[in-house]
Amino acid sequence: MHILRMLLLAVLSATSLFILPIDGAGEAGAAFPGENGRIVFGDFDGTFQIFSINPDGSGKTNLSNGPGDDTGAQWSPDGSRIAFVSDRDGNGEIYVMDADGAGQTNLSNGPEDESTPRWSPDGSRILFERQRGASPGLYVMDANGSNVTQVTEYLGTPNFHAFAWSPNGSQIAFESEEDGTVEIYVVNADGSDEVNLSSNPAYDQFPTWSPDGSQLAFTSDRGGDFDIYVMNADGSGVTNLSDNPAFDFFPVWSTDGSRIFFVSNRVCIAGLERANLVGAATTARTDRFDSRQECLADAYVMNADGTTQTLLTDELTIHASFDPPVWSPDSSQIAYTSQDLGIYVIDADGGRPRRLAGALGFGLDWQPVVAAGGGGVPVIAVLIAAAIIGPVIGGGLWVLVRRRS
Ligand SMILES: [Ca+2]
Ligand SMILES: [Ca+2]
Ligand SMILES: [Ca+2]
């Protein structure tokens, strides 16, 4: 990541949603459901750094806190670690650190620029990309940095970095224009059996898996304007879910599979249509336009079958150029970066968005906190053990002390 490039993109993309995203997969953050933990995001503090914050806006902490630019954070599926990108060693590397920023370790450690880490659903592997060099493409390595394997030659434009593990960890969906148009592909995690799933001259972008792995949602302009589509995991059964003349974009499947988040500028487009009908542009809401007089997009959710398309808020426009929005692990809330360069959280049923902090950089993700059967049980076990053993030891010590005195 080069700082000037990032700053330029930040300025450019702040003007409009229509600047295509330069980072992030169409994946709803961690695939392992859990309770809602902390949110990681990027901000500028002399260099780009990775911060975490509680969902109520408290406890903002600079986690990476080191030299160079640190971006692109993603929580491990168990919420215990964070993968990120750092150029502190002279070029892009995949790093990992603990949830509190301790133990920062360079996993990729080579002369190429590595970026965009994505944990496998079981946390055992990390997918990443090399954008330049002898063999640009997607790679998979073990979570300790060993066994680096190229999964695909990745011939997308520099602006497209959308890829995601299938929920069972066997496949990777990605976006590429290696066949001349932008398509969605799946490939086995070992690099075998790459298939062009979308196979359409239109732009097919931003694949996001349903949590059960049976379907992929994506964006396509095959109907003349961008809409949210779903298809079966084998590419069959393509269905237009949004079917609206507006710009419908950036699907993100909720972690429980019930809903799909997306952005749409249909409020603005509908205003323009009304204005054209009456021949007076003044009836269109002027606050719906950006500096280039393009319609801004708002946040929506719909059921996974396309029903009940609901405007979450038109107070703030989604700044999807930095990062895809992420669902909370319990699917009740959504975190996103807004046009005013802030991190916001909104309830998936609507209401006022809450501004948590300013944000400038890449890497937005929500920590899953594994409940019963995971991290909580040992704590309870320790407490129970302490309650039982403590009085025994204490009693023994008291007896010893009494005997010696
Ligand atoms: Ca490197
Ligand atoms: Ca296509
Ligand atoms: Ca549309």
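With neighbours defined as other Cβ atoms within 10 Å of a residue's Cβ, the residues 226, 44 order from fewest to most as 44, 226. Panel order for 129, 153, by other beta carbons found within 10 Å of each beta carbon, from fewest to most: 153, 129. Taken over region 103-247, the convex hull of the Cα atoms encloses 120 Å³ per residue. When each of the peptides 257-266, 355-364 is scored by the mean number of other C-beta atoms lying within 10 Å of its residues, the order from highest to lowest reads 257-266, 355-364.
No lab work stands behind these numbers, since they all come straight from the coordinates. Just so it is clear, the model here is predicted, and its values are computed rather than measured. Neighbour counts are summed over all protein chains in view; Cβ atoms, including those assigned to glycine, are modelled from backbone coordinates with ideal geometry.
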